[in-house]
Amino acid sequence: MKNVVVLGATGSIGKSSLEIMSTLPDLFHISGMTANRNKDALLALSKKYSCRSLCLTGYGEDDQIPTEISYKGIKGIEELLEAVKPDIVINGIAGSAGLLPSVFVLRKGIDLALANKETVVMAYPLIKALAVEKGSRILPVDSEHSAVFTLINHYGKDSLDKIILTASGGPFREYSKEKLKEVTFQDALKHPTWNMGPKITVDSSTLANKGLEVIEACRLFDLAPENVKVTIHPQSLVHSLIQTKDGALYAQVSRPDMKHPILTALTWPAFVENSLEPLKLHEFDSPLEMTFCGPDFYRFPMLRLAYQAAEKNKSYTIAYNAANEIAVSAFSQGKIGFYGISQLTEEVLDKDWTAEPADFDDVFAMDKKAREIAMETLR
């Protein structure tokens, strides 16, 4: 049985993780959970899943928290990990706030099931070196990277030519550029396929989420940007593909449910029977459509900017992520429009980001610098 800690338990990844583990009580023990500031939701999950080791990371030393919660603040994660000594940690924290918790996990030699793509986008060379030093495994939880990870492990890295990441296209995939200029934050939250948090849902609408995944794929699988492609696949049944050197394509196909890649990370390299409903292509009474087309870089410039950041590398990926986070926040407040997100990101990326971070302090310094430039640009 594996002891598992879930970081970001009240978010969509966290809840899915808890749900799938609860159906396999002989395999998993939920030994710890964290949330940012939502104490009521965390306490409800604690009761539901009989987990008593809890941390509220958004509270400071002087803040009062319920007596049922043992740890608080970002450092509380370290204390929780030391106390429960998990075998694996699921990092479902959204945004750049997930980087430091990933560092805490790997420093303790614990395997990391990683749904926080910013950990890879901002600091993968340092994260990878830390994992190697401590003997930890990094197992991707994003459905696209989970699919690619599984396919590469099956067919072998030496056979690989290209990765093809699938994208739903978000709620605006058929909108004209003129119509996109008028969309609102609330419009962007209406994703046609996935149920996710607000930040990642907006990122899906701009294709920034897919841009972050392109950067992530380049780093996780050690590929040049030109070998990582994106295809729009509205049905979200194919979770990504690889193309081998002989030109053949191999895909991972399943229902659009994050519980599947979460379980893959938790049980790797085993494949275990579970309660998830399989996709039975042979039982459909009418044709099941699966369509694919290339992305439109003109209507969705955030994807183009991500490729540029991936090509330049250095600290450009940090700047891309930071600028996008500031821009999405401004969009949510009605301060900028849909295309203000890409305009702000491009202005930040036009600065000099050629410095290579030597340590995590450098990463956070570059992140802070990019945010300050983005905020100043907004004024």
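The values are calculated or read from the model by the stated rules, or taken from the named source; none is laboratory data. Quick caveat: nothing in here was measured; it's all calculated off a predicted structure. Ideal geometry is used to build each Cβ from the backbone, glycine not excepted, and the neighbour counts take in all protein chains shown. Please note that ligands, DNA and RNA were not included when accessible areas were found on the heavy atoms of the full protein model with its side chains. Shrake-Rupley method; radii C 1.70, N 1.55, O 1.52, S 1.80 Å.
Just checking, does segment 105-123 include any residue being open to solvent by less than 20 Å² (accessible area, probe 1.4 Å), over 27 Å from ASN313 (Cβ atoms) and not aromatic (Phe, Trp, Tyr)?
Yes, segment 105-123 contains at least one residue that is open to solvent by less than 20 Å² (accessible area, probe 1.4 Å), over 27 Å from ASN313 (Cβ atoms) and not aromatic (Phe, Trp, Tyr).
Can you tell me which of (1) open to solvent by 10 Å² or more (accessible area, probe 1.4 Å); (2) of a type outside the set (Lys, Arg); (3) in contact with a Ser or Thr (Cβ under 8 Å, 6 or more places away or on another chain) is the one VAL132 doesn't meet?
So VAL132 meets the others, but not (3).
Between residues in segment 260-273 that are touching a residue at least 12 places away in the same chain (Cβ under 8 Å) and residues that are of a type in the set (Ser, Thr, Tyr) and not in a loop (DSSP other than H, G, I, E, B), which pairs lie under 7 Å by C-beta distance while being six or more apart or on different chains?
Final answer for the pair search is PRO261/SER143; PRO261/SER146; ILE262/SER16; ILE262/SER17; THR264/SER146; THR264/THR150; ALA265/SER146.
Answer yes or no: is there a residue in segment 37-51 that is modelled with pLDDT of 95 or more, touching a Lys or Arg at 6+ places or on another chain (Cβ under 7 Å) and either hydrophobic (A, V, I, L, M, F, W, C) or open to solvent by 30 Å² or more (accessible area, probe 1.4 Å) (or both).
no
Restricting to segment 158-183, name every residue that is open to solvent by 50 Å² or more (accessible area, probe 1.4 Å), free of Cβ contacts under 8 Å to residues at least 40 places away in the same chain and not acidic (Asp, Glu).
Hit for segment 158-183 is LYS179, nothing else.
Report yes if LYS72 is crowded, with 16+ Cβ neighbours inside 10 Å, in contact (Cβ under 8 Å) with a residue 12 or more places away in the chain and under 11 Å from THR10 (Cα atoms), otherwise no.
Judged against the criteria, LYS72 is not a match.
Any idea how many residues of segment 15-36 are of a type in the set (Gly, Ala, Ser), crowded, with 22+ Cβ neighbours inside 10 Å and more than 17 Å from ILE74 (Cα to Cα)?
2
Condition first: touching a Leu at 6+ places or on another chain (Cβ under 7 Å) and either open to solvent by 90 Å² or more (accessible area, probe 1.4 Å) or within 23 Å of TYR298 (Cα to Cα) (or both). Now tell me which residues in segment 345-376 satisfy that.
Correct list: THR345, GLU346, LEU349, ALA374.
Among the numbered criteria (1) part of a strand (DSSP E or B); (2) within 17 Å of PRO101 (Cα to Cα); (3) out of contact with any Phe, Trp or Tyr (no Cβ under 6 Å at 6 or more places or on another chain); (4) not β-branched (Val, Ile, Thr), which single criterion is violated by ARG37?
Evaluating ARG37 over (1) part of a strand (DSSP E or B); (2) within 17 Å of PRO101 (Cα to Cα); (3) out of contact with any Phe, Trp or Tyr (no Cβ under 6 Å at 6 or more places or on another chain); (4) not β-branched (Val, Ile, Thr) leaves (1) as the failure.
Would you mind telling me which numbered condition in (1) part of a helix (DSSP H, G or I); (2) without any contact (Cβ under 8 Å) to a residue 60 or more places away in the chain; (3) surrounded by 18 or more Cβ atoms within 10 Å (Cβ to Cβ); (4) in contact with a strand residue (DSSP E or B) (Cβ under 8 Å, 6 or more places away or on another chain) GLU79 fails?
Status for GLU79: all satisfied but (3).
Quick check, is LEU99 in contact with a Ser or Thr (Cβ under 9 Å, 6 or more places away or on another chain) and either over 25 Å from ASP257 (Cβ atoms) or part of a strand (DSSP E or B) (or both)?
Here the answer is yes, as LEU99 does meet what is asked.
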